[in-house]
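Read the figures in this text as sums done on the coordinates, not as results from a lab. Since we're looking at a predicted model, the values are computed, not measured. Neighbour counts are summed over all protein chains in view; Cβ atoms, including those assigned to glycine, are modelled from backbone coordinates with ideal geometry.
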Amino acid sequence: MSFALGYGLLGGALAITWLIDPTLIPGDVPRAHGHIMLLGFILMMIYGIALHVLPRFSGFPLYSERMADWQLYLANIGLPVMVAGWLTWTHAIVLVGGALSYGAMVLFGLNMVMTVRARGPKA
Ligand code: HEM
Ligand code: HEM
């Protein structure tokens, strides 16, 4: 969760710097800011809360801790790579980072579905 707050503060600082003077930071700064906020602040917060709360709601342990670890590695590598791509106007780098971020979403979805569905609702 502190990761998410860190991204939120970073995204805010990036936008404010850009508002003060758009030439201070090179690249597509609004795009980088938007995705740091959405994928970094909002989605990481959702990841953290869901991984913590869902097993407790469903009454079953998380399907896979290892999947959750890899999800967080992918998300935290993917986003900085995407942002690096935007700040250097390099489409291929955005693509690689985007694919890693997407991989994290897929792992998250699988883990959530398997946690609640595989064993059915608890009686
Ligand atoms: C800390 C407070 C924030 C400031 C100072 C700020 C500032 C900005 C600025 C200056 C832009 C560019 C506008 C333009 O293109 O002229 C922008 C775009 C954007 N912001 Fe923020 N913002 C803040 C918080 C947030 C938050 C919390 C979110 C989402 C959770 C967010 C999401 C976006 C998105 C999606 C865009 C559009 C990016 C794009 O065009 O690709 N912002 N913001
Ligand atoms: C795997 C995750 C994602 C990837 C790879 C991705 C990639 C992209 C790309 C390539 C663009 C266009 C950049 C350009 O025109 O130069 C874009 C724009 C945008 N994305 Fe994402 N994105 C992702 C997730 C998200 C999420 C989760 C949100 C919102 C919750 C979001 C909101 C936006 C917005 C608001 C824009 C700007 C649209 C506009 O041009 O007005 N993205 N994204």
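Table: residues versus (1) surrounded by 14 or more Cβ atoms within 10 Å (Cβ to Cβ); (2) of a type outside the set (Val, Ile, Thr).
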| site | (1), (2) |
| --- | --- |
| Thr17 | yes, no |
| Thr23 | no, no |
| Pro61 | no, yes |
| Val81 | yes, no |
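From the list Leu74, Leu79, Leu54, Leu95, which residue is part of a helix (DSSP H, G or I), more than 30 Å from Arg117 (Cβ to Cβ) and more than 9 Å from ligand 1 (Cβ to nearest atom)? Criteria check complete, one pass: Leu95. The C-beta contact set for region 99-111 (first residue in contact (Cβ under 8 Å) with a residue 40 or more places away in the chain, second residue outside any helix (DSSP H, G or I), distance under 7 angstrom, 6+ apart or interchain) comprises Asn111/Leu62; Asn111/Tyr63; Asn111/Ser64.
Among the residues here, Ile42 does not qualify as farther than 19 Å from Arg117 by Cβ and either more than 22 Å from the chain's Cα centre (by Cα) or away from ligand 1 (no atom under 11 Å from the Cβ) (or both).
For beta carbons closer than 7 Å, sequence separation of 6+ or different chains, a first residue in region 1-23 that is in contact (Cβ under 8 Å) with a residue 24 or more places away in the chain and closer than 15 Å to Met44 by Cβ and a second that is within 12 Å of ligand 1 (Cβ to nearest atom) and among the aromatic types (Phe, Trp, Tyr), the qualifying pairs are Ala4/Phe41; Tyr7/Phe41; Gly8/Phe41; Gly11/Phe41.
With the condition kept exactly as written, say whether any residue in region 15-26 is away from ligand 1 (no atom under 14 Å from the Cβ), out of contact with any strand residue (DSSP E or B) (no Cβ under 6 Å at 6 or more places or on another chain) and part of a helix (DSSP H, G or I). Checked region 15-26: no residue is away from ligand 1 (no atom under 14 Å from the Cβ), out of contact with any strand residue (DSSP E or B) (no Cβ under 6 Å at 6 or more places or on another chain) and part of a helix (DSSP H, G or I).
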